[in-house]
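The values are calculated or read from the model by the stated rules, or taken from the named source; none is laboratory data. Quick caveat, the model's predicted, so the values are computed rather than measured. Every residue, glycine among them, receives a Cβ derived from its backbone with ideal geometry; neighbour counts consider all protein chains shown.
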Amino acid sequence: MIALETLVDGVVRTLTESVLPDVGSRFARGQLYAAIDVLRNLRDRIEPKAALLAAEAESAAAALERVAAVLDDDALRDALAVATAGSLDARVVALRAALTDVLARIDGLPDDRAREARAAVSAHLAAQAMRDLAGVKPSLLTEISKG
């Protein structure tokens, strides 16, 4: 997932460097500068919604618990206990790292042993993709293309 600050920085840079030079109307330039100003001021005030992070953390922890049970892996259980401590942001970061580690470990296992573990991780990733997409607003590409 791209950090919101990075996304806003990219939009501001695009508007400033690519769009602004092609805007001829003084009024439109003023409106564009106003939009850029709002984005720049919002950049450091935005936070991911806690409910979305909590759902991700819960789903990831459940997937990792299932993998630990399937693989009978005490080290993974210990890592999961550490990953589920701390603030919500810290938990999500730690759980994502644990998922990355688990995917690498599962990749080296025989298919018969890894199948159920992959299914647990895949179910989490599919649910997370749907959570990520649920927040996306309808596209304005039609309006954009009309100018």
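Every residue, every condition in (1) within 23 Å of ALA134 (Cα to Cα); (2) surrounded by 15 or more Cβ atoms within 10 Å (Cβ to Cβ); (3) out of contact with any Asp or Glu (no Cβ under 7 Å at 6 or more places or on another chain), yes or no:
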residue: LEU7; (1), (2), (3): yes, no, yes
residue: SER18; (1), (2), (3): no, no, yes
residue: ASP37; (1), (2), (3): no, no, yes
residue: SER59; (1), (2), (3): yes, yes, yes
residue: ALA63; (1), (2), (3): yes, yes, yes
residue: LEU95; (1), (2), (3): yes, yes, yes
residue: LEU99; (1), (2), (3): yes, yes, yes
In region 101-124, which residue that is charged (D, E, K, R), closer than 16 Å to ALA62 by Cα and under 23 Å from the mean Cα position of the chain (by Cα) is surrounded by the most Cβ atoms within 10 Å (Cβ to Cβ)? ARG118
Among residues of region 125-142, those that are assigned to a helix (DSSP H, G or I), of a type outside the set (A, V, I, L, M) and surrounded by fewer than 14 Cβ atoms within 10 Å (Cβ to Cβ), counted: 2
Candidates ALA50, ALA55 - the one that is touching a Lys or Arg at 6+ places or on another chain (Cβ under 8 Å), closer than 22 Å to ALA126 by Cα and not acidic (Asp, Glu): ALA55
Sole residue being free of Cβ contacts under 8 Å to residues at least 12 places away in the same chain and either aromatic (Phe, Trp, Tyr) or under 27 Å from MET130 (Cβ atoms) (or both), chosen from ALA79, ALA51: ALA51
Test: residue in region 65-73 that is in the same structural domain as MET130 (by TED's automatic domain parsing), more than 23 Å from the chain's Cα centre (by Cα) and more than 17 Å from SER122 (Cα to Cα): yes
Could you grab me the full set of residues in region 1-28 that are among the acidic types (Asp, Glu) and in a loop (DSSP other than H, G, I, E, B)? none
If the requirement is being part of a helix (DSSP H, G or I) and loosely packed, with under 13 Cβ neighbours inside 10 Å, which of these qualifies: VAL70, VAL82? VAL82
